[in-house]
């Protein structure tokens, strides 16, 4: 599937959802689930990418709509992915995605879902980008 097709499918799913979260609520989700700038330097980049959106929608997204390159990445810890795969999918924290299905946070949880052969994954998906920023630029 190409990116435009995924983005259109995701947009149709998002239009049906009524649960909206602010970027701050999504950042709280990240921090609650163990992320800390002291041990994870990517958290600043993640926060920057999250703040590019007006709000997020929480849905169970078909896992095949997650960006294909992200689903197939080799840059992850198989041990961590397996630890997520060993827990019930309902207990895993939601992943955070751009509006086109690109992963902002949650590569290991996506890999875990693939290992379990899940059809869907809990996801916060950005909606209405307010800035098209390079994630490494300062706000």
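Some points to look at:
- Of all the criteria given as (1) assigned to a loop (DSSP other than H, G, I, E, B); (2) closer than 17 Å to residue 19 by Cα; (3) more than 12 Å from the chain's Cα centre (by Cα), the one not satisfied by residue 54 is (1).
- Of everything in the range 99-128 that is touching a strand residue (DSSP E or B) at 6+ places or on another chain (Cβ under 6 Å) and part of a loop (DSSP other than H, G, I, E, B), the residue that is farthest from residue 63 (Cα to Cα) is 99.
- The condition of being farther than 13 Å from residue 10 by Cβ and at pLDDT below 90 holds for only one of 81, 69, 85, that being 69.
- Inter-residue pairs, beta-carbon under 8 Å, first without any contact (Cβ under 8 Å) to a residue 60 or more places away in the chain and in the range 43-55, second buried (at least 17 other Cβ atoms within 10 Å of the Cβ) and part of a helix (DSSP H, G or I), 6+ apart: 43/30; 46/30; 47/27; 47/30
- Looking only at residues in the range 105-129 that are at pLDDT below 90 and under 17 Å from residue 14 (Cα atoms), the one that is surrounded by the most Cβ atoms within 10 Å (Cβ to Cβ) is 127.
- Of all residues in the range 90-98, at least one satisfies being assigned to a loop (DSSP other than H, G, I, E, B), at pLDDT 85 or above and closer than 14 Å to residue 57 by Cβ.
- All conditions in (1) at pLDDT below 85; (2) farther than 18 Å from residue 126 by Cβ; (3) in contact with a strand residue (DSSP E or B) (Cβ under 7 Å, 6 or more places away or on another chain) hold for residue 41, with the sole exception of (3).
- Answer residue from the range 98-133, given it is out of contact with any helix residue (DSSP H, G or I) (no Cβ under 8 Å at 6 or more places or on another chain) and touching a residue at least 24 places away in the same chain (Cβ under 8 Å) and is nearest to residue 75 (Cα to Cα) among those: 123
- In the range 3-16, residue farthest from residue 122 (Cα to Cα) [restricted to those that are modelled with pLDDT under 75 and loosely packed, with under 13 Cβ neighbours inside 10 Å]: 4
- From the list 91, 86, 60, 64, the one residue that fits, being out of contact with any strand residue (DSSP E or B) (no Cβ under 9 Å at 6 or more places or on another chain), farther than 22 Å from residue 24 by Cβ, touching a residue at least 60 places away in the same chain (Cβ under 8 Å) and surrounded by fewer than 17 Cβ atoms within 10 Å (Cβ to Cβ), is 64.
- Flag for residue 25 being more than 13 Å from residue 124 (Cα to Cα), modelled with pLDDT of 80 or more and in a helix (DSSP H, G or I): no
The values are calculated or read from the model by the stated rules, or taken from the named source; none is laboratory data. In this text, all values refer to a predicted model and were calculated from it rather than measured experimentally. Don't worry about glycine lacking a Cβ; one is built from the backbone with ideal geometry, like all the others, and counts go over all protein chains shown.
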